[in-house]
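The values are calculated or read from the model by the stated rules, or taken from the named source; none is laboratory data. Since this is a predicted model, take the numbers as computed values, not measurements. Counting neighbours? That spans all protein chains shown, and the Cβs are built from the backbone with ideal geometry, glycine included.
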Ligand SMILES: Cc1cc2nc3c(=O)[nH]c(=O)nc-3n(C[C@H](O)[C@H](O)[C@H](O)COP(=O)(O)OP(=O)(O)OC[C@H]3O[C@@H](n4cnc5c(N)ncnc54)[C@H](O)[C@@H]3O)c2cc1C
């Protein structure tokens, strides 16, 4: 007897494109519901790039719901930000503005530690069938009309549901929208480096380790945008440093590359010596990224195909919420697609996903850009209780469960 002939609930066949934080988190959420999940990933040996990530409380809430063990993230407590003037070296510490929210809830992590924990939950033992991860499997096309993917090898993969978690340069986005929408260069680039914190004893690094546990932002007030963000991760053994700067030399092809030390240190010319002594410790490779912002999309869904994460709303890292949104979206899909969801229900569940998620994704997309380019809004996130309320207090699981109960529950 085929599934279609039976009223017995059965698992959905789900294809996820991309094994980044968003794709893996979605794979975990759906596997735990008992669905059969395959993930297709271009890279032969997928890991996250060597850089840090702030996992704010709204993302941690969902990650813990998905089974993430906090200790496995090896995070450092993210209690707020200390903003320094790049020239004078003077700093002002700002805690998160939500006093009733426990301090120490948000974490600063190494991306690989977050990714490794998601891999464990996707592929290892646990609730539901383990996810099948296909590395070295690039997806070159998707047909929303018949819910199929075409791999570079020519193989066609049929599914009940396709998740486009294929990041900034998404292929699935083109198929969902029926036209190509690319993310133009923003005029800002970013160096991303890591350094071994044991080396701090050799330099003037007290500004980094003392005071409020959290991010250190170093602003250069001038015509051009120059901001360094430094913070510890991996239980304090590594320091992540991002340097964001105005970069007039952006062409469409070379959006990520390895920068030279000279080029990297040049972005800090004029900074106080105490900062330069730390930044000079950066280890190779020094990764250089153009920061790109996707225009707000008309839709994230088409039939039984849905976009999540950077594929839907890639933006600047000003709010540190890109991966957090992808995780929230994964949690939402998990709540809306429980075991027993029928194929014919999927499209309406994806519409519910879009209703719940798109306004928030579009808000972060726009707000992150504005808080970088409008001088009056610079670093507003850390001064505005309203913005923090909206971003940090959000409980994606609770909202999606309530929506499901109201609109889809038969009870
Ligand atoms: C400097 C910087 C700092 C940031 N800091 C933070 C922060 O502190 N907190 C935060 O929450 N976010 C932060 N972000 C944002 C965050 O990094 C991204 O939003 C997040 O990683 C996006 O995850 P994703 O899974 O959607 O996409 P990605 O991580 O880009 O994953 C996409 C995956 O899809 C694969 N893929 C692509 N095309 C195909 C294809 N055709 N077939 C198969 N596989 C494919 C890719 O190889 C990749 O593995 C930061 C971003 C930057 C640039």
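Checking the structure you have, find out if any residue of region 227-240 is over 21 Å from residue 109 (Cβ atoms) and either in contact (Cβ under 8 Å) with a residue 24 or more places away in the chain or loosely packed, with under 14 Cβ neighbours inside 10 Å (or both). No, region 227-240 has no match at all. May I ask you to verify whether residue 283 is without any contact (Cβ under 8 Å) to a residue 24 or more places away in the chain and more than 23 Å from residue 64 (Cα to Cα)? No, not satisfied. Within region 388-411, the residues that satisfy the criterion of being under 15 Å from residue 357 (Cβ atoms) and free of Cβ contacts under 8 Å to residues at least 12 places away in the same chain are 398, 402. Please determine whether any residue of region 59-67 is exposed (fewer than 15 other Cβ atoms within 10 Å of the Cβ), at pLDDT 95 or above and more than 16 Å from the ligand (Cβ to nearest atom). No, because not a single residue in region 59-67 is exposed (fewer than 15 other Cβ atoms within 10 Å of the Cβ), at pLDDT 95 or above and more than 16 Å from the ligand (Cβ to nearest atom). Within region 30-52, the set of residues being over 16 Å from the mean Cα position of the chain (by Cα) and either near the ligand (Cβ under 6 Å from one of its atoms) or closer than 13 Å to residue 121 by Cβ (or both) comprises 30, 31, 32, 37, 39, 40, 41, 42, 43. Hey, does region 283-296 have a residue that's over 23 Å from the mean Cα position of the chain (by Cα) and not assigned by TED's automatic domain parsing to the domain that holds residue 322? Checked against the condition, which is being over 23 Å from the mean Cα position of the chain (by Cα) and not assigned by TED's automatic domain parsing to the domain that holds residue 322, region 283-296 yields at least one hit. Annotation: of all residues in region 174-186 being part of a loop (DSSP other than H, G, I, E, B) and touching a strand residue (DSSP E or B) at 6+ places or on another chain (Cβ under 7 Å), the one that is modelled with the lowest pLDDT is 184.
Of the strands (runs of 3 or more DSSP E) contained entirely in region 248-348, not one carries at least 2 residues that are under 17 Å from residue 185 (Cα atoms) and modelled with pLDDT of 95 or more. Take the conditions (1) touching a strand residue (DSSP E or B) at 6+ places or on another chain (Cβ under 8 Å); (2) under 20 Å from residue 54 (Cβ atoms); (3) crowded, with 19+ Cβ neighbours inside 10 Å; residue 219 misses just one of them, which is (3). Of the residues 320, 303, which single one is at positive phi and either crowded, with 24+ Cβ neighbours inside 10 Å or near the ligand (Cβ under 9 Å from one of its atoms) (or both)? Being at positive phi and either crowded, with 24+ Cβ neighbours inside 10 Å or near the ligand (Cβ under 9 Å from one of its atoms) (or both) holds for just one of 320, 303, which is 320. Residue 23 satisfies every condition listed in (1) in contact with a strand residue (DSSP E or B) (Cβ under 6 Å, 6 or more places away or on another chain); (2) in a loop (DSSP other than H, G, I, E, B) except (2). Among 29, 51, which is over 28 Å from residue 398 (Cβ atoms) and crowded, with 18+ Cβ neighbours inside 10 Å? Of 29, 51, the one residue that is over 28 Å from residue 398 (Cβ atoms) and crowded, with 18+ Cβ neighbours inside 10 Å is 51.
Checked against (1) within 16 Å of the ligand (Cβ to nearest atom); (2) outside any loop (DSSP other than H, G, I, E, B); (3) touching a helix residue (DSSP H, G or I) at 6+ places or on another chain (Cβ under 8 Å), residue 94 passes all but condition (1).
Residues that are on the phi > 0 side of the Ramachandran plot and either over 19 Å from the mean Cα position of the chain (by Cα) or assigned to a loop (DSSP other than H, G, I, E, B) (or both) are absent from region 385-406. Residue count for region 323-340 under the criterion of being away from the ligand (no atom under 16 Å from the Cβ) and in contact with a strand residue (DSSP E or B) (Cβ under 9 Å, 6 or more places away or on another chain): the result is 1. Of the strands (runs of 3 or more DSSP E) lying entirely inside region 111-173, those containing at least 1 residues that are surrounded by fewer than 20 Cβ atoms within 10 Å (Cβ to Cβ) span 132-135, 139-143, 148-151, 156-158. Quick one: is residue 301 over 17 Å from the mean Cα position of the chain (by Cα), touching a residue at least 60 places away in the same chain (Cβ under 8 Å) and under 23 Å from residue 115 (Cβ atoms)? The answer is no for residue 301.
When the test is whether a residue is more than 15 Å from the ligand (Cβ to nearest atom), closer than 28 Å to residue 289 by Cα and part of a helix (DSSP H, G or I), residue 370 passes it. Quick check on region 187-202. Is at least one of its residues in contact (Cβ under 8 Å) with a residue 12 or more places away in the chain, closer than 23 Å to residue 310 by Cα and loosely packed, with under 14 Cβ neighbours inside 10 Å? No, there is no match, as no residue in region 187-202 is in contact (Cβ under 8 Å) with a residue 12 or more places away in the chain, closer than 23 Å to residue 310 by Cα and loosely packed, with under 14 Cβ neighbours inside 10 Å. On the given criteria, is residue 134 in contact with a strand residue (DSSP E or B) (Cβ under 8 Å, 6 or more places away or on another chain) and closer than 30 Å to residue 351 by Cα? Criteria met by residue 134.
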